[in-house]
Structures are given as structure tokens and as C-alpha cells.
Amino acid sequence: MEKHFAVIGNPIAHSLSPAMHRGGYQAFGIEADYLRLKVEPNDLLQAIQGLKALGFSGWNVTIPYKEQIIPFLDELTPEALEAGAVNTVKVEAGRLIGHNTDGNGFVRSLQEISTLEKGMQVVILGAGGAAKGIAMALIPYNVKIVILNRTNERAKRLADWVNQHDGEAATAPWEAGNWLNSADVVIQTTSVGLKQEQYPFSLKGISTQAVVIDIIFNPWETPFLREARELGCRTLNGAGMLLYQGALAWEFWLGGQAPIEAMKKGLLEAIGKN
Ligand code: NDP
């Protein structure tokens, strides 16, 4: 019997998840489809009830519903509970289980180009939903986290949260500073760069040993990431995070190991980078 999956959000037209998941279904010969479904702001509950009634096995959730969907679910995994956000829902025996694969997806993608070792200094630029998921997923690695955010209060809240959850975090002002020469990993999680804007500050002074990641993947290389590359750092964009959060969602829904290479191929074809 064909299985049905989807991603719900608004806007959703440019989501690459269908191409990525369909690439995986093809590779494994799985009878399944994955749709992109736009949900209007007041229709979230009806949309979920509809998906359930239509026999969907699960769906991804994206902006702006990752938090709003929580009251409509029956159960949350520890990852979703801690993040306070859901990006993956599984229907199991009629129950809706909310999960979050963003943070662990990020870590898996980072591990493609770097190890994460105790005591390493990891700088997170931004303190929104994505930053929180990433910070949470970094806690088990015992790294020292430094958080910078335009709105400092929000950076402080996130650092407090990390410290209350057995992590180690501090904040620094939203500007170039001493953190640049001590950072082992710098993670750009704000939306600055989506429109190719220049970053508010330069990375000059960063160690060439540092790994720099921008979780944006469209544009493929933001001005921020370009500067890091030109300064000699190893860089990574957000396509890997997208890929691995999708792979972890696949594994949550279907079990076993996701077909990473086939999903990557589907994703890169859709982006036009094959
Ligand atoms: P949020 O709205 O939760 O957070 C936005 C963050 O960006 C805040 O830290 C905000 O700072 C900052 N910000 C926004 N505009 C500016 C500006 N002009 N100058 C400085 N800082 C700014 O969004 P998310 O955390 O959900 O998403 C952030 C980015 O991550 C998006 O670009 C999204 O596309 C990307 N993303 C990528 C994923 C992937 O799989 N690759 C997954 C999830 C997200 P302040 O608190 O001061 O407002």
C-alpha cells in the first residue's frame, strides 16, 4: 500500500523536501509519495485532522507552525519537548507523535567536516528557533558555547537555558570581538544573507583552522560564508542540515537507515547543483 508523507508550512512553494524524500523512495523501491502542502494560518488543526483522516503516515512541519502545532499532538519525543518545537510528526496507531530532527541533523552535517571535541569553542550567531535546536544538540559534546544575537536579551535567555540543561554557554556583544580568534566552530543561524545582504560585521581575525557554517543554503553561498572561505576557513552551508534532518525524519517514520546518497542526489538536483 502506498504511504503518504508531506511537509506543511506557509510559504511552502520552494520546499526541497519532496525532491529529497522522493529520491530516497526511488532508491529503495518504496511505494510512497511526499507532498508539499500550504496551510493557511487559521487552518492548522483542520489540516492535521485532514492528514490523519486521509491516512498520511507522517509529515514535516516548517515555518510558521513548528511551535503552533504542539497543542494538537498526542505525544512529544524528548527532542521535541526540549526544543519546544516540532519539525516531524508520525502517525502511530492513530496517535500523533511530534519529534524534532533539526538540531541532530545539524550535528550530523557538521560531523562531515569536523569532529566535536570536549572544550572546543563553538560560537552561535543568532538565538532564534534554529539556534536553540543546534545549541541543544551540541550539549552532549561538552563544547563551550558562545552566543551572539542582535537582541542581546534573547542570547542571554538561550545561554541560561543551555546552562540549566548541563551545557556551558556564555554571551558576547553582537559585533566582531575576541571570540573570533578563539573560535573552533562558528555557526551562522540568523536570516541575514537570505537576500545576499552583507553581514553586520566582518570575520577578519578568525583562525584559518576554524570551521564556519551558515545554515542558509539559498543562496548557496551567503556573503558571510564567502568571506569565511576567502579568509581560509573550511565552510559548509545549510544544505547538509536540511539533508540530515530529512534523513532522521525518514528513520523516525520508516525505521532503518535512510538512503543518504539518494536523498542528497534528489536534493541537489532540485537545487540545480547536481
Ligand atoms: P527565527 O525567526 O526563530 O530567528 C531569527 C534569528 O535571526 C534571530 O536570532 C534574529 O535576531 C536574527 N535576525 C533576523 N534578522 C536580523 C537582522 N537584520 N540582523 C541581525 N539578526 C537578525 O528563525 P529560525 O531560527 O527558525 O531560522 C533562522 C534561519 O535559519 C533562516 O534563514 C532559516 O532559513 C534557516 N534555517 C535553516 C535550516 C536548514 O535546514 N538548513 C533549518 C531551520 C532554519 P533577533 O532575535 O534580534 O530578532
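The values are calculated or read from the model by the stated rules, or taken from the named source; none is laboratory data. Keep in mind it's a predicted model, so treat the numbers as computed, not measured. FYI the Cβ positions are ideal-geometry reconstructions off the backbone, even for glycines, and counts take in every protein chain you see. Heads up: the accessible areas ignore ligands, DNA and RNA and are worked out on the full protein's heavy atoms, side chains in. Shrake-Rupley method; radii C 1.70, N 1.55, O 1.52, S 1.80 Å.
If the condition is being within 16 Å of the ligand (Cβ to nearest atom) and more than 14 Å from residue 89 (Cβ to Cβ), then the range 42-66 contributes 63, 64.
Does residue 133 satisfy the condition of being small (Gly, Ala, Ser) and in contact with a Gly (Cβ under 8 Å, 6 or more places away or on another chain)? Judged against the criteria, residue 133 is a match. If you go through the range 217-230 and pick out every residue that is more than 16 Å from the ligand (Cβ to nearest atom) and either more than 16 Å from residue 187 (Cα to Cα) or of a type in the set (Lys, Arg) (or both), you end up with 3. Residues that are under 20 Å from residue 202 (Cα atoms), open to solvent by 50 Å² or more (accessible area, probe 1.4 Å) and more than 8 Å from the ligand (Cβ to nearest atom) within the range 147-157 comprise just one, 152.
For (1) over 20 Å from residue 182 (Cβ atoms); (2) surrounded by fewer than 18 Cβ atoms within 10 Å (Cβ to Cβ); (3) under 17 Å from the mean Cα position of the chain (by Cα); (4) within 16 Å of the ligand (Cβ to nearest atom), each residue gets a yes or a no:
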residue	(1), (2), (3), (4)
90	yes, no, no, no
98	yes, no, yes, no
101	yes, no, yes, yes
110	no, no, yes, yes
132	yes, no, yes, yes
135	no, no, yes, yes
138	no, no, yes, yes
145	no, no, no, yes
159	no, no, no, yes
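Of the residues that sit in the range 173-229 and are among the charged types (D, E, K, R) and more than 22 Å from residue 151 (Cα to Cα), which one is nearest to the chain's Cα centre (by Cα)? Applying the filter and picking the extreme gives 221.
Per-residue answers, yes or no, for (1) surrounded by 22 or more Cβ atoms within 10 Å (Cβ to Cβ); (2) closer than 25 Å to residue 132 by Cβ; (3) not aliphatic (A, V, I, L, M):
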residue	(1), (2), (3)
187	yes, yes, no
190	yes, yes, yes
250	yes, yes, yes
257	no, no, yes
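Among residues of the range 230-274 being within 20 Å of the chain's Cα centre (by Cα) and polar (S, T, N, Q), the one that is farthest from residue 88 (Cα to Cα) is 235.
Look at (1) modelled with pLDDT of 95 or more; (2) surrounded by 15 or more Cβ atoms within 10 Å (Cβ to Cβ); (3) on the phi > 0 side of the Ramachandran plot; (4) not hydroxyl-bearing (Ser, Thr, Tyr) and you find that residue 55 fails only one, number (2).
Any chance the range 261-273 includes a residue that's open to solvent by 40 Å² or more (accessible area, probe 1.4 Å), modelled with pLDDT under 95, within 16 Å of the ligand (Cβ to nearest atom) and farther than 12 Å from residue 20 by Cβ? So far as the range 261-273 goes, yes, one or more of its residues are open to solvent by 40 Å² or more (accessible area, probe 1.4 Å), modelled with pLDDT under 95, within 16 Å of the ligand (Cβ to nearest atom) and farther than 12 Å from residue 20 by Cβ.
Taken over the range 164-195, the criterion of being out of contact with any helix residue (DSSP H, G or I) (no Cβ under 6 Å at 6 or more places or on another chain), of a type in the set (S, T, N, Q) and in contact (Cβ under 8 Å) with a residue 24 or more places away in the chain is satisfied by 181, 182, 190, 191. Screening residue 197 against (1) open to solvent by less than 20 Å² (accessible area, probe 1.4 Å); (2) within 11 Å of the ligand (Cβ to nearest atom) leaves a single unmet condition, (1). Sub-6 Å Cβ pairs linking a first residue in the range 233-250 that is touching a residue at least 40 places away in the same chain (Cβ under 8 Å) and more than 10 Å from the ligand (Cβ to nearest atom) to a second residue that is part of a helix (DSSP H, G or I) and open to solvent by 10 Å² or more (accessible area, probe 1.4 Å), at least 6 apart or interchain, are 247/260; 248/104, ordered by first then second residue. Residue count for the range 100-130 satisfying the condition of being at pLDDT below 95 and not in a loop (DSSP other than H, G, I, E, B): 2.
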